[in-house]
Amino acid sequence: MFKRMLSAFGVGGPSVDTVLDSPHAVPGEVLTGQVRIQGGSSDAQIEEILLSLVTRVEVERGDHERAGTAEFLRVSAGRKVKVTAGQLTTVPFRIALPWETPISAVGGRELPGMVVGVRTELVIAGAPDKGDLDPVLVGPLESQDRVLEAFGELGFSFRSADVEAGQLHGVRQELGFFQEIEFFPPSRYAGRVSQVELTFVAGPDDLVVVLEADRRGGMFRSGGDSFGRFHVSHEEALRTDWTAAIDGWLAKVAESGGGHALFGGHQEHYGHDYHGHHGRRGPGMGGMVAGAAAGVVGGMILGEVMEDAFDGGEGFEE
């Protein structure tokens, strides 16, 4: 997408352009594309072509929170690649997106605050040459989309989204971070709940949905955070009435002061109470994102954030 000259070869050197077959993907899917290298005025050799998945991550340090770049997957697309003068060399690649890849687009629109991209790095004469980066619009799995649509049907309003470094208590994770999608609750919970955070931890067979409600304190009740966790298979998630499940959990949080609850596990079997027909779908998450991004030219938010978020080197950077 972003053609650039390889400065390591000097004037007249080859140029590289990484092209994704499609910028749209979902977690667990294989992302395909080509690294296209246009030969310069003389033959050249690239020792290795490396591709990595990166995202912007927030890290808490004491009382402060800082943003940096996290690389969460790296693959080699080719080694000892010979580039003939004046000729186009094409190197195909395949990247399997981890199941825990953050969602960066919903309903075909960029999710404000979220960035996921593929970075191309060429090793030339033993030194890495970083550069070409292409955004990937990672949409939700069908099981995740059912949960997001329920938030829209219940009248939640999208607030923000980010990725936090760390591990969730009691949840098995492959990656060292998790995504938080924050919502303002429906008006009927105003004054009792200030916001609700949604986190997905997906695997090839199952989905963990973690909810965190920030309760407002009052004269006769204390504030604080309350948590809920739903652990279901992807198939079960498609049969679950998430509107009833989420609303029921939030009602308990608002009325009783909340606490911790596990749904879909052996301790409590609330998950079976919420299976049923979904009925008519409301505006859903796509509508909320559209409202949040109203008036913004398509791609502008993502492009600007990408420029800030991916200015740096390997691993995690500030």
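Brief remarks on what is shown
- Neighbours by Cβ (under 6 Å, 6+ apart or cross-chain): first from region 44-57, open to solvent by 10 Å² or more (accessible area, probe 1.4 Å); second outside any strand (DSSP E or B): Ala44/Phe9; Ala44/Pro14; Arg56/Val115; Arg56/Ala309
- Near pairs, Cβ below 7 angstrom, 6+ apart or cross-chain, from region 63-88 (at pLDDT 90 or above) to any residue that is in a strand (DSSP E or B) and open to solvent by 90 Å² or more (accessible area, probe 1.4 Å): Leu88/Arg36
- Criterion (among the β-branched types (Val, Ile, Thr), open to solvent by less than 10 Å² (accessible area, probe 1.4 Å) and under 14 Å from Leu137 (Cβ atoms)) met by exactly one of Ile95, Ile103: Ile103
- Residues in region 130-155 that are modelled with pLDDT of 95 or more, open to solvent by less than 10 Å² (accessible area, probe 1.4 Å) and part of a strand (DSSP E or B): Val138 only.
Residue by residue, here is whether (1) modelled with pLDDT of 95 or more; (2) open to solvent by 50 Å² or more (accessible area, probe 1.4 Å); (3) closer than 27 Å to Leu175 by Cα holds:
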{"position": "Ala202", "(1), (2), (3)": "yes, no, yes"}
{"position": "Asp205", "(1), (2), (3)": "yes, yes, yes"}
{"position": "Leu211", "(1), (2), (3)": "yes, no, yes"}
{"position": "Arg215", "(1), (2), (3)": "no, no, no"}
{"position": "Phe220", "(1), (2), (3)": "no, yes, no"}
{"position": "Ser226", "(1), (2), (3)": "no, no, yes"}
{"position": "Arg239", "(1), (2), (3)": "yes, yes, no"}
{"position": "Ala251", "(1), (2), (3)": "no, no, no"}
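- Matching residues in region 108-129 - criterion: being out of contact with any Ser or Thr (no Cβ under 8 Å at 6 or more places or on another chain) and open to solvent by 10 Å² or more (accessible area, probe 1.4 Å): Gly108, Arg109, Val123, Ile124, Ala125, Gly126, Ala127, Pro128
The values are calculated or read from the model by the stated rules, or taken from the named source; none is laboratory data. Bear in mind that the values here come from a model prediction, so they are computed numbers and not experimental data. Positions of Cβ are generated from backbone atoms using ideal geometry, with glycine treated the same way; all protein chains shown enter the neighbour counts. Surface accessibility is based on the protein's heavy atoms, side chains included, excluding ligands, DNA and RNA. Shrake-Rupley method; radii C 1.70, N 1.55, O 1.52, S 1.80 Å.
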